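K.L.:
First the structure, which I've put down as structure tokens, then a few questions once you've had a look.
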Amino acid sequence: MPGYNRVLLKLSGEALASPDPHQDGAYGISHEMLRKLAIDVASVLAFGTQICLVIGGGNIYRGIHGMEKHGIDRAAADSMGMLATVINGIALKNALEHANIPVRLMSAIPMHTVCEPFTSHRAEYHLQKGRVVIFTGGTGNPYFTTDTAAALRAAEMRCNLMLKATKVKGVFCSDPKKNSNATFLPRLTYNEVREKQLNVMDATAIALAQENHIPIAVFSIYESDGFRKVVQGEGEFTLIS
């Protein structure tokens, strides 16, 4: 079993919207997906692995769409998107609590009435107590994606592995939805991701992971027990290192 004692799972907001991996552009929050995620988290936590979570907000508000369709300034649109991640975090925290999983919700944007403001030492305390920590609010700054926020938090919390949950089993040479002959790539280097312009994470997130020697596992969140399988080195996924 790989020695991953602390991992960070990056979830897109879209992953919370629908249990159907073929549904694109879904909005809202699916209780079925919340239950599945709680089960997945519990299975990894049972092995003593400490878990950090970062979640996007695209199922509630997509900042880029607000810019394109409504003429909203980039900074304002990104701020709206960061607030959407907090809504998702509250829903996920509630689902984990219903599954009797100890959890704390933190935000890079202070809002004391709904969650704790993020500080690395406080997050470390929660992890050492066996609690799952959900990081929301992105980086707290516009112009940065939640992928970058995930890489930043993984580095700050000294995670052994960052997992990027997607709709497919890993990284392909091209979009498998558009190209049925796309080749699955089980192993990649950080440089190959950039050189081949593979749409995994933005360049800032990849650079942060590389600089801090954090491998990235890309896998399907829809696979049964997929989170646990990746942490244990099983199943199909792409490892970037």
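The values are calculated or read from the model by the stated rules, or taken from the named source; none is laboratory data. Just so it is clear, the structure is predicted and the values come from calculations on it, not from any experiment. Using ideal geometry, Cβ is built from the backbone for each residue, glycine included, and neighbour counts are taken over all protein chains shown.
K.L.:
Regarding segment 132-150, can at least one residue be identified that is within 21 Å of TYR4 (Cβ to Cβ), touching a His at 6+ places or on another chain (Cβ under 7 Å), in contact (Cβ under 8 Å) with a residue 12 or more places away in the chain and buried (at least 16 other Cβ atoms within 10 Å of the Cβ)?
P.N.:
To start, the set of residues in segment 132-150 that are within 21 Å of TYR4 (Cβ to Cβ) comprises 132-135, 147, 149-150.
Keeping just the survivors that are touching a His at 6+ places or on another chain (Cβ under 7 Å) gives 133.
From what's left, in contact (Cβ under 8 Å) with a residue 12 or more places away in the chain: 133.
Okay, now just the ones that are also buried (at least 16 other Cβ atoms within 10 Å of the Cβ), so 133.
Yes, segment 132-150 has at least one match.
K.L.:
In contact with a Pro (Cβ under 8 Å, 6 or more places away or on another chain) and within 23 Å of MET33 (Cα to Cα): which single residue out of GLY226, GLY170 fits that description?
P.N.:
On the way: GLY226 fails: in contact with a Pro (Cβ under 8 Å, 6 or more places away or on another chain).
Checking each option against the conditions leaves just GLY170.
K.L.:
Okay, next question. Just the residues that are in a helix (DSSP H, G or I) and either touching a Gly at 6+ places or on another chain (Cβ under 8 Å) or surrounded by 23 or more Cβ atoms within 10 Å (Cβ to Cβ) (or both), please, taken from segment 3-40. Spell out the reasoning first.
P.N.:
Pass one, segment 3-40, residues in a helix (DSSP H, G or I): 13-17, 31-40.
Of everything in segment 3-40, those that are in a helix (DSSP H, G or I) and either touching a Gly at 6+ places or on another chain (Cβ under 8 Å) or surrounded by 23 or more Cβ atoms within 10 Å (Cβ to Cβ) (or both) turn out to be GLY13, GLU14, ALA15, LEU16, ALA17, MET33, LEU37, ASP40.
K.L.:
Run SER180 past the list (1) loosely packed, with under 14 Cβ neighbours inside 10 Å; (2) at pLDDT 90 or above; (3) among the polar types (S, T, N, Q) and report the number of the one that doesn't hold.
P.N.:
(2) is the only condition that SER180 fails.
K.L.:
Regarding GLU97, is this residue among the charged types (D, E, K, R) and either under 28 Å from HIS213 (Cβ atoms) or assigned to a strand (DSSP E or B) (or both)?
P.N.:
Numbers: among the charged types (D, E, K, R): yes; either under 28 Å from HIS213 (Cβ atoms) or assigned to a strand (DSSP E or B) (or both): no.
No, not satisfied.
K.L.:
Which of the residues belonging to segment 44-71 are outside any strand (DSSP E or B), at pLDDT 85 or above and surrounded by 17 or more Cβ atoms within 10 Å (Cβ to Cβ)? Talk me through it step by step, then tell me what you get.
P.N.:
Filtering segment 44-71 for residues outside any strand (DSSP E or B) gives 44-49, 56-71.
Okay, now just the ones that are also at pLDDT 85 or above, so 44-49, 56-61.
Scanning segment 44-71 gives VAL44, LEU45, THR49, GLY56, GLY57, GLY58, ASN59, ILE60, TYR61.
K.L.:
Give the residue that is farthest from ILE90 (Cα to Cα), with candidates limited to residues of segment 118-131 that are of a type in the set (D, E, K, R) and surrounded by 12 or more Cβ atoms within 10 Å (Cβ to Cβ). First the steps, then the outcome.
P.N.:
Taking segment 118-131 as the starting set, the residues that turn out to be of a type in the set (D, E, K, R) are 122, 124, 129, 131.
Remaining after also requiring surrounded by 12 or more Cβ atoms within 10 Å (Cβ to Cβ): 122, 124, 131.
Details: ARG122: 18, GLU124: 20, ARG131: 15 Å.
The qualifying residue farthest from ILE90 (Cα to Cα) is GLU124.
K.L.:
Between a first residue in segment 203-225 that is assigned to a loop (DSSP other than H, G, I, E, B) and at pLDDT 95 or above and a second residue that is surrounded by fewer than 21 Cβ atoms within 10 Å (Cβ to Cβ) and of a type in the set (Ser, Thr, Tyr), which pairs have beta carbons less than 7 Å apart while being 6 or more apart in sequence or on different chains?
P.N.:
Every condition considered, the pairs that remain are PRO215/SER241.
K.L.:
Within segment 193-220, restricting attention to residues that are surrounded by fewer than 16 Cβ atoms within 10 Å (Cβ to Cβ) and of a type in the set (A, V, I, L, M, F, W, C), which residue is farthest from CYS173 (Cα to Cα)?
P.N.:
Step one: of segment 193-220, the residues surrounded by fewer than 16 Cβ atoms within 10 Å (Cβ to Cβ) are 194-197, 199, 202-203, 207, 211-213.
Retained after the next criterion (residues that are of a type in the set (A, V, I, L, M, F, W, C)): 203, 207.
Numbers: ALA203: 17, ALA207: 20 Å.
Top of the filtered list is ALA207.
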